[in-house]
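The values are calculated or read from the model by the stated rules, or taken from the named source; none is laboratory data. Everything numeric in this text was worked out from a predicted model, so none of it was measured. Cβ: placed from backbone, ideal geometry, glycine included. Neighbour counts: every protein chain shown.
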């Protein structure tokens with residue numbers, strides 16, 4: 001008797017998380033696929049183009065950086081903020097679960113546990129990765145990636161064996177998290193519902209995982225095997241050609257419209273070898 | 001019955017020689033709610049074809065621990081002894097299963113001569129192996145796991161259900177509310193509300209239910225919501241069930257570890273139900289957003 005009155009009068013607390021728990025969890029799930037997962041796919045495929053040579057990679061980086069001053073806005077809106085949201089929600093979710101793979105060592109449970117473990121590895125890895133290569137990391141001693149010398153600056157940054165191993169770990173964790181998440185998202189949203197359909201989806205996630213893993217590790221190997229000097233020559237030639245082209249259209253507006261940061265990159269790019277090697281010594 | 005089975009199956013004899021003469025049973029005991037638990041060891045003679053319930057009955061008959069001390073008999077819940085009532089779920093050798101359908105001979109393949117019994121860890125212990133399973137039913141109430149036709153009016157014949165639909169729904173109706181799926185779920189956490197001094201039973205129960213209301217429903221309740229939403233008459237309350245499924249502690253708490261379906265003694269396709277509920281929640285939430 002008491003029971004029914006209670007359940008109807010005192011509904012769950014009305015905190016923001018309480019009221020919108022379903023929405024937040026679904027947005028978290030969606031963010032993992034779009035835009036964060038989609039970005040991961042584009043990112044790894046773009047990077048693997050380095051296997052076709054420094055020029056091929058540079059051309060793709062140039063395409064991305066042709067967005068100019070819009071690039072940081074797009075980065076924050078479609079990559080960093082969704083990723084941050086996914087990570088914060090992810091930590092809330094990890095905190096609410098109690099893994100029990102020791103008692104129940106079923107495949108699904110192992111995958112559930114690995115999904116959380118890989119999430120934490122990926123979080124640390126991505127934070128470090130951005131600090132190391134993205135220009136935002138420059139004040140912290142990172143920011144080693146030079147968009148005008150894409151392959152060569154990446155090659156120098158990734159060359160140490162310890163760094164390569166950390167990257168391999170980070171890439172595998174991130175790719176596992178995404179491809180296993182793909183399978184999980186399909187259940188959450190109700191795309192595949194029967195055990196047979198889940199099994200088929202499992203194959204899909206394995207294929208995506210192996211493919212992306214190959215692209216990611218291939219990119220890592222490709223960056224390492226780059227001949228830095230030769231790549232620099234190619235990149236400098238491409239950079240000069242681009243400058244000429246832009247100069248031909250409107251010499252002054254091209255200089256002015258470039259984002260403050262890419263201006264500083266231009267100057268560091270012009271000093272070429274000294275710029276990179278002195279950074280390395282630091 | 002025992003002699004009949006041994007005489008008809010002659011292969012039993014060489015096997016029986018490998019079987020231990022006694023069964024050592026480790027029981028995690030607890031004298032009262034929220035008190036310290038402690039291990040106690042029992043030894044009983046082995047008999048063929050025992051289940052964990054008959055082991056517990058032998059222990060109760062002996063009422064002595066292995067070291068010969070007289071101890072209070074171990075408390076446990078059971079009723080039907082045929083995997084229908086759902087009350088005898090416990091951790092047997094570390095895994096959630098029904099004591100009635102856990103046969104000692106099968107358990108000996110995991111740990112020869114030994115059995116470890118613990119109360120379920122996700123529910124408050126009442127005493128020894130007996131737990132407060134109230135939260136299982138709280139979840140069922142939240143999703144309104146019933147068809148509300150409790151009156152004396154003549155509603156005429158109900159809508160027809162095709163044999164295909166019946167076959168689809170039947171496995172879901174076999175749920176025995178044992179709690180194994182909740183116990184094995186890494187997303188389902190223990191909630192233990194302790195009775196305050198001077199608190200009436202009603203007040204205590206009300207506080208308990210409120211605490212349960214905000215937490216994960218569990219796989220069984222999601223499956224029951226799917227069952228009653230798939231029923232033509234039950235689906236008239238579909239909105240209320242969807243409200244519960246997408247409310248706090250609803251379907252979003254599922255982490256797809258899929259332990260529930262692996263431990264379910266009735267082999268109910270719980271993950272299929274969860275995915276179907278997920279699909280229904282997707283459609284319902286979008287519809288609700290555009291219809292408001």
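Annotations for the structure displayed:
- Among the criteria (1) within 30 Å of residue A:194 (Cα to Cα); (2) away from chain A (no Cβ under 14 Å); (3) over 14 Å from the mean Cα position of the chain (by Cα); (4) not in a loop (DSSP other than H, G, I, E, B), the one residue B:147 does not fulfil is (4).
- Each residue in segment A:197-233 was checked for being crowded, with 20+ Cβ neighbours inside 10 Å and either over 17 Å from the mean Cα position of the chain (by Cα) or outside any helix (DSSP H, G or I) (or both), and 6 of them qualify.
- Test: residue A:203 is within 14 Å of chain B (Cβ to nearest Cβ) and either in contact with a helix residue (DSSP H, G or I) (Cβ under 8 Å, 6 or more places away or on another chain) or modelled with pLDDT of 95 or more (or both): no
- For segment A:208-227, the count of residues that are closer than 23 Å to residue A:44 by Cβ and within 14 Å of chain B (Cβ to nearest Cβ) is zero.
- Check on residue B:252, at positive phi and touching a helix residue (DSSP H, G or I) at 6+ places or on another chain (Cβ under 6 Å): no
- A Cβ distance below 8 Å, combined with a sequence gap of six or more or placement on separate chains, defines the contacts here; from segment A:155-166, residues that are outside any helix (DSSP H, G or I) reach residues that are surrounded by 11 or more Cβ atoms within 10 Å (Cβ to Cβ) in the pairs A:159/A:224.
- Residue within segment A:250-267 that is out of contact with any strand residue (DSSP E or B) (no Cβ under 9 Å at 6 or more places or on another chain), closer than 26 Å to residue A:87 by Cβ and modelled with pLDDT under 95 present: yes
- Taking the numbered list (1) under 14 Å from the mean Cα position of the chain (by Cα); (2) within 14 Å of chain B (Cβ to nearest Cβ); (3) surrounded by fewer than 20 Cβ atoms within 10 Å (Cβ to Cβ) in turn, residue A:177 passes all entries but (3).
- Checking residue B:232 against (1) farther than 26 Å from residue A:180 by Cα; (2) within 20 Å of the chain's Cα centre (by Cα); (3) not in a helix (DSSP H, G or I), the condition it does not meet: (2)
- When residues of segment A:58-88 are limited to those that are touching a residue at least 12 places away in the same chain (Cβ under 8 Å) and more than 17 Å from the chain's Cα centre (by Cα), the one surrounded by the most Cβ atoms within 10 Å (Cβ to Cβ): A:58
- Scan segment B:237-274 for residues that are at the interface with another protein chain (Cβ under 7 Å from one of its Cβ atoms), more than 13 Å from residue A:108 (Cβ to Cβ) and in a helix (DSSP H, G or I) and the total you get is 2.
- Some residue of segment B:226-236 being touching a residue at least 60 places away in the same chain (Cβ under 8 Å), surrounded by 15 or more Cβ atoms within 10 Å (Cβ to Cβ), out of contact with any helix residue (DSSP H, G or I) (no Cβ under 6 Å at 6 or more places or on another chain) and facing chain A (nearest Cβ under 7 Å): no
- Boolean, residue B:116 is within 29 Å of residue B:26 (Cβ to Cβ) and either at pLDDT 95 or above or not assigned by TED's automatic domain parsing to the domain that holds residue B:34 (or both): yes
- Qualifying positions in segment B:45-98 - surrounded by 19 or more Cβ atoms within 10 Å (Cβ to Cβ), farther than 14 Å from residue B:128 by Cα and touching a helix residue (DSSP H, G or I) at 6+ places or on another chain (Cβ under 6 Å): B:50, B:96
- Every residue from segment B:121-142 that is farther than 17 Å from residue B:181 by Cα and either part of a loop (DSSP other than H, G, I, E, B) or modelled with pLDDT under 95 (or both): B:128, B:129
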